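Worksheet for the structure shown next.
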Amino acid sequence: MLEIQYIRQNPEDVISRLAVKNIDATALINETLKLDEEKRRLQMALEELLARINNSSKEIGDLYKSGKKQEADKLKAETASWKTELSKLESDAKNAERNLFDKLVLLPNLPHKSVPSGKTPDQNEVVREEGAKPPLGEDCLPHWELAKKYKLIDFETGVKITGAGFPVYTGKGARLQRALINFFLDKAVTAGYTEIEPPILVNEETGYGTGQLPDKEGQMYFAGQDNLYLIPTAEVPITNIYRDSIIDEETLPIKNCGYTPCFRREAGSYGKDVRGLNRLHQFDKVEIVQIQHPDKSYIALEEMRDYVAGILRELELPFRILKLCGGDMSFASALTYDLEVFSGAQKRWLEVSSVSNFETFQANRMKLRLKKGKDKPRLAHTLNGSALALPRIVASLLENNQTAEGIRIPKALIPYTGFGLIG
RNA sequence: GGAGAGAUGGCAGAGCGGUUGAAUGCACCUGAUUCGAAAUCAGGAGUACCUUCACGGGUAUCAGGGGUUCGAAUCCCUUUCUCUCCGCCA
């Protein structure tokens, strides 16, 4: 959530930066400012009345103590007569606050100054491209064929057990999943991240803290009986660890990582996007999360991006890094890099990681603050990135490394799989 | 799931419905003493919002929400959570 103080002081800046996300916020901002004024006006009136009542009550107490019962009773009656005014002011003030809040939660985060404008994914900026695309023959197979051929993934049985988008991994396919998870976690821990195993069901406050709620609840599975949501990413529980807390700046940066399954309803997806492993309802992912000082968050963002690139390099996958344009960025992000691997048989780029700086957007919702000595607490910056999401890594691993003998496992992964070839 | 007990500041722990934002202890910060330190003494110290050029002032906050009252940490209702006992169970 944007800070109202900032909007109040820099409405022009807010409007022009939201324009980069292709949002004309002029009307919304004007309305927000009006509601903010209204809220403060009512708050002042209410607090003034409360102060009068407090004073009066104190006086009544003193009068009783000194035995002046008559005067006390008189003042009591007078004070009681303010009650109708009080309840009206209370409900008005509450409504005004509610109205303001309802507007504020609709506003997406402001994009960083360097974010390119643009409406669609093809206007994202290619930061760089690395690795050679595999020289596959005409007879190369897409990963879903390979998965079937080598009995690695059973999509049909997944449909039987649960539904589309819930594959069953078998044999070396399952082993490959486990290998990748361990590989990613080991990498992250070596890079200084603390491993976390969080809950994968979260409550409403948690969903709100990272920005999934109230807007995108249709994207999450919901366990209605207990009012809990299945997490769409480990970012949600791992960042919310610090909800409602004030962290000593000395302890920064906080770097956490965690493996979790992720659940996404993906309502509205169709066609080649959902073929095979391209888009699933349940998938595995290792996530990295940082809590950073505002002055250092953009350095950290680049480090995280380069860290993820390093893993892709070790996996010998051709990849490219994109800086997302305003129109392709998520609601909460100020700057996002996507990392995509090239999937040789499908001949398309697949997003395997998204690394974002949320600046104070999540921290403001979560009341996650930093404190240095006696200074006033200030909001922290939060960042996260996938490192990495498994399905599309597996897709490109299978497709790019197919040979006549079988599927070659990259060297770095062999200690984890225990085999170098799927034949 | 059933029965009971409880939730107070960073922690521990008081708190007859009326100067209780809250005693006390520990921890913490500042100053005095000291060559320095320990000990001792004096003082300070939560968070959020509103207001003020500023000094300052106001409101809220004793798990969350609602109620009674001129006035609630204190009384009532409710939700959540914790603990103890029973049941069930990886």
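Please return the ranges of strands (runs of 3 or more DSSP E) entirely within the stretch A:312-423 where 3 or more residues are among the small types (Gly, Ala, Ser).
A:348-357, A:381-389
Checking A:ILE247 against (1) over 18 Å from A:PHE361 (Cα atoms); (2) surrounded by fewer than 19 Cβ atoms within 10 Å (Cβ to Cβ); (3) modelled with pLDDT of 85 or more; (4) hydrophobic (A, V, I, L, M, F, W, C), which single condition isn't satisfied?
Failed condition: (1).
Select from the stretch A:210-244 the residues that are in a helix (DSSP H, G or I) and either at pLDDT below 90 or of a type in the set (Ser, Thr, Tyr) (or both) and write down the one among them that is nearest to A:TYR193 (Cα to Cα).
Applying the filter and picking the extreme gives A:THR239.
Of all residues in the stretch A:364-375 being in contact (Cβ under 8 Å) with a residue 24 or more places away in the chain and not basic (Lys, Arg), which is farthest from RNA strand B (Cβ to nearest atom)?
Only one residue tops the list, namely A:MET366.
Answer yes or no as to whether A:GLY344 is within 16 Å of RNA strand B (Cβ to nearest atom), farther than 21 Å from A:THR239 by Cα and assigned by TED's automatic domain parsing to the domain that holds A:VAL289.
no
Out of the residues in the stretch A:133-160 that are free of Cβ contacts under 8 Å to residues at least 40 places away in the same chain and in contact with a strand residue (DSSP E or B) (Cβ under 7 Å, 6 or more places away or on another chain), which is surrounded by the fewest Cβ atoms within 10 Å (Cβ to Cβ)?
A:THR157
Where in the stretch A:1-80 are there helices (runs of 4 or more DSSP H), lying fully within it, with 1 or more residues that are over 30 Å from A:ASN124 (Cβ atoms), free of Cβ contacts under 8 Å to residues at least 60 places away in the same chain and near RNA strand B (Cβ under 9 Å from one of its atoms)?
Result: A:4-9, A:26-65, A:69-80.
Which of the residues that make up the stretch A:81-101 are within 10 Å of RNA strand B (Cβ to nearest atom), polar (S, T, N, Q) and part of a helix (DSSP H, G or I)?
Selection gives A:SER87, A:SER91.
Would you confirm whether any residue within the stretch A:298-314 is in the same structural domain as A:LEU390 (by TED's automatic domain parsing), surrounded by 23 or more Cβ atoms within 10 Å (Cβ to Cβ), touching a Cys at 6+ places or on another chain (Cβ under 7 Å) and in contact (Cβ under 8 Å) with a residue 60 or more places away in the chain?
No, because not a single residue in the stretch A:298-314 is in the same structural domain as A:LEU390 (by TED's automatic domain parsing), surrounded by 23 or more Cβ atoms within 10 Å (Cβ to Cβ), touching a Cys at 6+ places or on another chain (Cβ under 7 Å) and in contact (Cβ under 8 Å) with a residue 60 or more places away in the chain.
The values are calculated or read from the model by the stated rules, or taken from the named source; none is laboratory data. Computed from a prediction, not measured in an experiment: that's the story for all the values here. Every residue, glycine as well, gets a Cβ built from its backbone with ideal geometry; the counts of neighbours run over all protein chains shown.
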